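The values are calculated or read from the model by the stated rules, or taken from the named source; none is laboratory data. Computed from a predicted model, the values in this text were never measured in an experiment. Please note: Cβ atoms are built from the backbone with ideal geometry, for glycine as well, and neighbour counts cover all protein chains shown. For the accessible areas, the whole protein counts, side chains as well, though only heavy atoms, and no ligand, DNA or RNA atoms are used. Shrake-Rupley method; radii C 1.70, N 1.55, O 1.52, S 1.80 Å.
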Amino acid sequence: MFVLDLVVVAATAAIVIVFSGHLGAVAVGRLTVSLTSARNPAIIALLALVARSAFTDVPFLGIAALRLSPLSTRALRWWALQRQRLMHVTEDRAARILLAIVCASFAVKLMNIILHFGFWTGDDVEIHEMTFAHLFGWHWQAWELRSAFYPMSFIYPVQALLHWTGQNDPGRLIIAGRVVVALFSLANLWLTFRVARRLFDSIPIALLAVLILASNKLHTMGGSTELPRTISSFFVLAGFNALLVPADAIAAAIAGGLIGIAAAMRFSEAMFVVPAVIQIATTRRWRSVALCTISFALVCAGILGLADKLYWGQSFFSLRHIVDFTLVRGLSSRGYQPFYEYFRSIPAWADPLVVALALLATRRRMWTLAVWTWFPVICLSVLPHKEPRYLIPILPFLAMMAAFSLWQIIQWLCESSADAHSSMRRERFAAILLVACLCAFVFEVSGFWFVRSEADVVLAEAIARQGPVGGVAIEQAWRMGGRLYLPDAEPLIDVEPPGDPGAIASVLGTPAIRWIALLDRDVRRFGYDSLTRAAGFDEVTFPRKGGSEYRVFHRREH
């Protein structure tokens, strides 16, 4: 037990160090410990505390004053108090609690948007390049797989409004687009409450579902970016909400149309029409099944046909290319992952406790939510490329399932029992559950604030201030925001692939290239500094605010 106690203390100390801002590598004897996130220490603390809480008669660290034996009794009393409070929450009180959660969630996302102004994946850069191209008349070609519906319908309008008022600063236009997504993420919280309230006829479960969703790090991260899945998630959830109207064919058609809108934003969201059809088919309403399917197909096809015609000049242009790229040729722009990737990466999209509670609800015959939660995971696991952010649309359903199980457990804990052994078992389980919930919450909150490529964006702005820029070549250009912060760069070349001397030599031999930015690790690994010097480039040192990993070279003037 003493070893577990030391593990708890060490993990807690690591969490405190991370939250105090002292990140980086720490030498511990011959070992080098890297502290960049509280996530791993939180997991270690969770496992150690859960194991430790089962031994309530052993003093913590051998100190009697810190004895854990009262924890079980106090935990059970605490759960009983929370149960009593939740059971007596009125509609007005629930609305105020919901508003408080929504406001807190928006504050966190707004801080992410303003403080972490860089980019996350490269897809976010391309969204703005598509909208900026129309704002500023750029002759820029997006990737052929991109549907224009989402960026031009949800991000472009607010940016066009700011542009019309005279605001042309790229950073502020980007923030405006991200705020739109953040507002939809708040709508997701509200809609999750309404759906859970309607589905379970229980205010406690609805509030728990909102709290679980709001504390999910992936929900917070997705709501802090300009990526489309947070908004498509709203339409998927709205479609599910429409199906809660019993035996209503019009509601089925509306549900199909809403899922069609989501699929027009992100093609993979089309898979949610299958859970919708299954849910309707179990009631043998075949007319409603047909209406849902036809409505989905008409809305999705209508949006994609019109949007692609307006942007690409051909109807279904992006749809044809995504099907060919992903399904026909089985290609991926970011590598391939095994079929069990989403299981292996659970900590990246949820915490183990919430997933366990959701699985418990599946066993309790919550089949409707289970299909909407797990069927998309199975579908996405078949595709060659997998990323945690692809699971954003399932998070409301996951939260509702976990909330249902958690409330059932709380109810069981608070049942009176004359059996002393049963009472003791409930007390110990209450302690374990309380510790697990606290650690899961810390684990999720530790992922709220994520650093993007801010330092690289600052570097791009520094290059742009040097006067006539000329041509610029950048390794992983998305990290600097691509053309967003270097609009006058002509040409702007994305240096790929790293490690290919021929590709670098070709770029260096292009007369129009005046600047080249390469990642320091590749410069040192492949000797690019000697290649750049031989090609007539000198290294330029900029103040590296936030520690950009780039080294910048400028062509010598003759």
Next item on the list: Could you point to the residue in V458, V195, L310 farthest towards the positive end of the chain's charge dipole, with +1 and -1 charges on the Cβ of Lys/Arg and Asp/Glu respectively?
Entry: V195
Checklist line | Selected from G256, A517, L357, residue furthest toward positive end of dipole (the chain; charges at beta carbon) | finding: L357
Next item on the list: Roll a 1.4 angstrom probe over the protein heavy atoms and tell me the percent of accessible area of the chain that is carbon or sulfur.
Entry: 64
Notebook entry, point to check: Based solely on its DSSP helices, what 222 nm [θ] is calculated for the chain when runs of n ≥ 4 H residues each add -39,500 (n - 2.57) and the sum is averaged over all residues, nearest 500 deg cm²/dmol?
Noted result: -19500 deg cm²/dmol
Next item on the list: Rank-order 150-159, 380-389 by packing density, defined as the average count of other C-beta atoms within 10 Å over each peptide's residues, highest first.
Entry: 150-159, 380-389
Checklist line | Shape of the chain, Cα gyration tensor, a/c cut at 1.5 | finding: oblate
Item checked: Q411-D538 pseudo-label distance in nm [points 7 Å out on the Cα-to-Cβ vector] -> 7.6
Check: Once you charge only the Cβ atoms, +1 for Lys and Arg and -1 for Asp and Glu, what is the size of the charge dipole of the chain about its Cα centre, to the nearest 20 debye?
Finding: 1560
Checklist line | Cβ charges +1 (Lys, Arg) and -1 (Asp, Glu), total dipole of the range 68-192, debye | finding: 940
Item checked: Sorted peptide list for 452-463, 424-435, criterion being average Cβ within 10 angstrom, highest first -> 452-463, 424-435
Check: Leaving out ligands, DNA and RNA but keeping every protein chain, what accessible area does W449 have, in Å² rounded to the nearest 10, with a 1.4 Å probe?
Finding: 100
Notebook entry, point to check: Under 20 Å from the Cα of K109, which aspartates and glutamates turn up, not counting those fewer than eight places away in the same chain?
Noted result: D123, D124, E226, D351, E444, E454
